[in-house]
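All of the numbers you see were taken from the coordinates with simple rules; none came from a lab. Please read all numbers here as calculations on a predicted model, not as lab measurements. Because the Cβ atoms are built from the backbone with ideal geometry, glycine has one as well, and the counts that use them run over all protein chains shown.
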Amino acid sequence: MRGLLRILKVIFVAALLGSLVGAAYVAWLLTRDLPSLEALDNLRFTATSTFYTRDGVPIADLASVEDGRAIARQLVRLSEVSPAVVVAVVVSEDQRFFKHYGVDFVRLLGGLYYTLRGDLQGGSTITTQVVKNTLLRELALERRGISGLERKLKEFPLALQVERRYSKEEILEMYFNVVPWGGNAQGIWAAAQAYFGKEPSELNLAEGAYLAVLIPAPNTRYLDYPSTRRRMRVLLNNMVAEGWISPEEAESAWRYKLIPKGWEVSYDEAGNLKSAKLTDPSARIIPERNVRMAPYFVYEVQRYLKEKIGSDKLRNQGGLRIITTLDLRMQAAAEKAVSGRRLPDQAQLALVALEPNSGEVLAMVGARPGTEGEFNRATQAWRSPGSAIKPFTYGVALEAGWTQATTVLDAPIEYRTPQGVWRPKNFDGTYLNRPVSIRYAFDRSLNLPAIRTAEAIGVQRLGDKLRAAGFRLTGNMAVLANAIGGGAEITPMGLAAAYASFVNGGYWVEPRLVLWVEDSEGRIVYQPEGKKTLLWTPQVAYQIWDMLKGYVYDVPPGFRSSLAWQARIPGRVVGGKTGTSDQAIDLWFAGATRGLVATLWVGRDDHKPQRMGGVEPSSSVVNPPIWRDFVEEALRGRPAGDFPQPPGLVEASFDLLTGNPSASGVTAVFPASQAERLLSPTPQSTPVSTPPGSSLPPTYVRQPGPAVASNSTYQTIALDRNTGCLATPETPTERLVWLQVSESQLSAYRCR
């Protein structure tokens, strides 16, 4: 019998030793590949990215993506967390945090005891939770089986290493940034926002106690406020017992009328819960994109950065500070200006303002207030510009040597096309049947002179200029209709960038939405470079600007005001142009004043003709008042005055209608080399009178053309300078030369 017992003892000891050796071997296998703490040093948490105005005011948050879902997290320093919250979390989660070295065996046994009694209590320390949510995060997500055992075995040695490497304050800071708080909230910043709509530094003791007791099971405990409230009482008592707070502070926190988001709660005077009703469980979910203001600007910045830096850095990594170009005051002025306006039936609108030299977008409205959806009409709606294109038509003519006093015939014209006969007309259907100065034609937004101007200077030349300015031509083909906006499209932001060239020395500027992007450490990870393209010489650009001012301030003979008189701002110099496409489908006003260029578009999303009070609306009635109200408020208190005039230009006066010199006429700027004719009593006639076949001077005609006081009718024509004959559509633009001749002389230039 004794021999049998001895044998059994040997077997038992062998089995025990074998089990211990096996367990040790398994433990060795599971812990042999411990992650290096160097990985903790280089760890980059996914975090919420924040959009700021140019002055540092936050306007939107963009959640990052983690494990395929959007989570809200913003990294904070421990100093940015309310001390009341820090104390509440430490007492609730790890009372002996400042006494142990990473693993607390007392807490392990206590957690097991309370869990067996039905009250979930974790045995982990704050340090092991940091390890679990960072270095062992992938294992923690698997949760079950051998992976769970492996994580638990690895947590302890790693926690000891973390304690040796980092201070308690550094470990706490890591913890407050990684602990999950239910819903999509990760870390204390998201928790403060999700449950109370506050910054972590603004939380009080009651709110801190509530957040602390949520941590073990945040989703379950959020749904059961009465039970969570009882846990808060226990926690506050423990904080008093541990000497962290006084009984009076605990009582004050208990009496605080705490109302987490999504709950309707009432209390008695002693702080006891009377009623609690969960009204909106989703209230604590932080939106994937939380936009505080300028939504369409934010949408555009997000699209832009996705293209420039990639969605991985923007969403999967996140934690970016995006400093945009938005001016808070100007954006508020824009939103106020478009609110409550009387617009055509079912009309939408878009407004864009930018700084003309840098192209920085200062304000953007992408839809009528109250519109749902992300379609941004300021940047995505390609629409016909109507007469807002005419500054480019006449700008190309000025570039070719014309002046504001050059005259063009305002009379019916027709063209045969494959689709039939095209008979363009002026907006009001009338015409003067005589030559008028191009400034008069521009002031009255006449279509017929604009078309004749394009015909004279060459449609290909005009088309090249429009493409360079950002316009999109139908079929990429330049046609005469482009001169008045037909067959061309542009976005409101694109038109603002194009109009900037008239006041910044002649440059098209690429609209800029972002100043720079920095990571959570303050390192700049992206900073766009400004792009400019020279469209005009400074002298030509300023002559166009002079015409734009005339469109606002000139009063043509026979009229009581300009078409854009409602754009005038007392104390400021304003210039601009309206635009109305066929059947009033699109209504525009684009203009500038010192420090700002802005465009306003009004139209229907379905591209149908607009009606206002049953009649066809005009852009000169609808758009300028809104534009004026925005600009006046946006620039209030900022410097006024005109844009500087470049050298080589002089002022001269001429009769607005005829183009003849007149001391009582309008004053405009002209190239100094051309002003002599305007200042002399007798206008000079054009020097180009060489008959067909003779050589012509290889320059553009510089004179405005003959006077129109006689009964003769003059017409601007384009010649091929190599042949002296009327140019054809195939004539290269570099061989074109322009002059004005009477109709009786026109036949002399028709070659057979």
- Note on the structure: Sorted on mean Cβ neighbours within 10 Å (highest first), peptides 635-642, 594-601 come out as 594-601, 635-642
- Within 10 Å of each residue's Cβ, count the other Cβ atoms and sort 188, 585, 286 from fewest upward. 585, 286, 188
- In whole Hz, what ³J(HN,Hα) sequence does the stretch 468-477 give by Karplus (6.51, -1.76, 1.60; θ = phi - 60°), x for Gly and Pro? 5, 7, x, 7, 10, 9, 4, x, 6, 10
- Item | For residue 725, residues with placed amide H under 5 Å, excluding near neighbours | 693, 720
- Query: Between residue 667 and residue 277, what is the label-to-label distance in nm when each label sits 7 Å out along the Cα-to-Cβ direction?
  - Reply: 7.4
- Task: Please give the FRET efficiency for residue 79 paired with residue 227, using the beta carbon to beta carbon distance and R0 = 22 Å, rounded to the nearest 0.05.
- Result: 0.10
- Message: Taking just the alpha carbons, could you work out the radius of gyration and Dmax for the stretch 297-358, both in angstroms?
- Response: 15.7, 45
- Message: Can you order the peptides 622-629, 667-674 by their average number of other Cβ atoms within 10 Å per residue, highest first?
- Response: 622-629, 667-674
- Query: Once the piece of chain linking residue 524 and residue 561 is laid out straight, how much longer is it, given 0.36 nm per residue of separation minus the C-alpha distance between them?
  - Reply: 8.1 nm
- Note on the structure: Amide H proximity to residue 326 below 5 Å, modelled H, separation 5+ or other chain, gives 54
- Rg in Å to one decimal, and Dmax rounded to a whole Å, for the stretch 315-468 via C-alpha atoms: 20.8, 67
- Task: Work out the P(r) tail for the stretch 161-265: percent of alpha carbon pairs separated by more than 23 Å, whole number.
- Result: 30
- Query: Ranked highest first by the average count of other Cβ atoms within 10 Å around their residues, in what order do 383-389, 72-78, 559-565, 478-484 fall?
  - Reply: 383-389, 478-484, 72-78, 559-565
- Reach of residue 274 by Cα under 24 Å, taken over lysines that are not fewer than 8 positions away in the same chain: 257, 261
- Task: List, largest first, the extents of the alpha carbons of the stretch 171-216 along their principal axes, each in whole Å.
- Result: 22, 22, 18
- Task: Give the span of the stretch 508-568's Cα atoms along each principal axis, as three whole-Å numbers ordered largest to smallest.
- Result: 66, 28, 10
- Using alpha-carbon positions, what is the distance between the centroids of the stretch 486-518 and the stretch 226-282, in Å? 56
- Task: Please state the charge dipole magnitude for the stretch 596-658, taken about the Cα centre, from unit charges on C-beta atoms (+1 on K and R, -1 on D and E), reported in debye and rounded to the nearest 20.
- Result: 220
- Those lysines that a straight Cα-Cα span of less than 21 Å connects to residue 532, excepting residues fewer than 8 apart in one chain: 308, 465
- For the stretch 196-256, what's the radius of gyration and Dmax over Cα atoms, in angstrom? 11.6, 31
- Message: Taking θ = phi - 60°, what integer Hz values does the Karplus form 6.51 cos²θ - 1.76 cosθ + 1.60 yield along the stretch 409-416, in sequence order, with x for Gly and Pro?
- Response: 6, 9, 7, x, 8, 9, 9, 8
- Please quote Rg/Rh for the stretch 406-491 to two decimal places, taking the Kirkwood radius as Rh and restricting both calculations to Cα atoms. 0.97
- Against the 2.2 N^0.38 Å rule of thumb, the C-alpha Rg of the stretch 349-414 sits at a ratio of 1.65
- Message: What distance in nm lies between label points placed 7 Å from Cα along the C-beta direction at residue 607 and residue 165?
- Response: 6.1
- Note on the structure: The answer for residue 76, listing residues at least 5 apart or on another chain whose modeled amide H is closer than 5 Å to its amide H, is none
- Pulled fully out, how much extra length does the chain show between residue 266 and residue 249, if you take 0.36 nm times their separation in residues and subtract their Cα-Cα distance? 4.0 nm
- Query: If each residue's Cβ is checked for other Cβ atoms within 10 Å, how do 432, 314, 305 rank with the fewest at the top?
  - Reply: 432, 314, 305
